[in-house]
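Before any comments, here is the structure.
Please treat every number below as a calculation from the coordinates, not as lab data. Because the structure is predicted, anything quoted here is derived from the model rather than measured. Glycine also receives a Cβ, built like all others from the backbone with ideal geometry; neighbour counts cover every protein chain displayed.
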Amino acid sequence: MHKPYLIDNLKFDMRIYVLVYGVDPLRIFVFREGLARFATEEYLGPFRNNLDNLFMHLTNYAINKNSENFEANEDSAEDDVGHKRSVSSVLKLIEEREAHNGITAKKIWDMIDDIATKTLISA
């Protein structure tokens with residue numbers, strides 16, 4: 001991805017859970033919470049000298065938990081800190097940042113629903 005969306009200058013991904021309840025007709029449920037996993041080093045575009053920096057380019061917990069920069073979230077009441085956060089906290093932050101662009105958590109969930117549906121239809 002040429003220019004990834006960053007939070008705290010870190011790459012992240014969102015793990016969303018989808019339950020396939022039926023296939024004929026297709027019935028799915030998208031759980032409205034999930035897990036956001038963050039890289040542990042600030043992102044710089046890929047260059048020859050940083051391509052092997054897994055802590056910058058990958059968001060896998062299995063990799064980043066070994067980083068000296070890894071910050072675990074020790075308080076379940078604060079779901080917006082550390083390198084593993086709730087999806088709802090990330091969507092809230094995006095909504096606040098992008099309000100001027102009309103981006104809302106509902107619009108993002110609508111897009112996630114659409115992606116999940118199209119992915120399952122293609123299978």
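Before moving on, here are some points about what is shown:
- Search result, residues across region 21-44 that are aliphatic (A, V, I, L, M) and over 30 Å from His57 (Cα atoms): Val23, Leu26, Ile28
- Condition check for Arg37: within 27 Å of Trp109 (Cα to Cα) and either among the aliphatic types (A, V, I, L, M) or out of contact with any Gly (no Cβ under 7 Å at 6 or more places or on another chain) (or both): yes
- Qualifying residue in region 37-53 (condition: under 23 Å from Asp114 (Cα atoms) and in contact with a strand residue (DSSP E or B) (Cβ under 7 Å, 6 or more places away or on another chain)): yes
- Failed item in (1) assigned to a strand (DSSP E or B); (2) surrounded by 13 or more Cβ atoms within 10 Å (Cβ to Cβ), with Arg27 passing the rest: (2)
- Gly102 being on the phi > 0 side of the Ramachandran plot and surrounded by 14 or more Cβ atoms within 10 Å (Cβ to Cβ): no
- Being aromatic (Phe, Trp, Tyr), free of Cβ contacts under 8 Å to residues at least 12 places away in the same chain and either in contact with a Cys (Cβ under 9 Å, 6 or more places away or on another chain) or farther than 21 Å from Met111 by Cα (or both) is not true of Phe55.
- Unique match (being in a loop (DSSP other than H, G, I, E, B) and of a type in the set (A, V, I, L, M)) among Ala116, Ala77: Ala77
Here's the yes/no breakdown for (1) surrounded by 12 or more Cβ atoms within 10 Å (Cβ to Cβ); (2) of a type in the set (Ser, Thr, Tyr); (3) out of contact with any Gly (no Cβ under 7 Å at 6 or more places or on another chain):
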| residue | (1), (2), (3) |
| --- | --- |
| Leu51 | no, no, yes |
| Ser67 | yes, yes, yes |
| Ser76 | no, yes, yes |
| Asp80 | yes, no, yes |
| Ser86 | yes, yes, yes |
| Lys92 | yes, no, yes |
| Lys107 | yes, no, yes |
| Met111 | no, no, yes |
| Lys118 | no, no, yes |
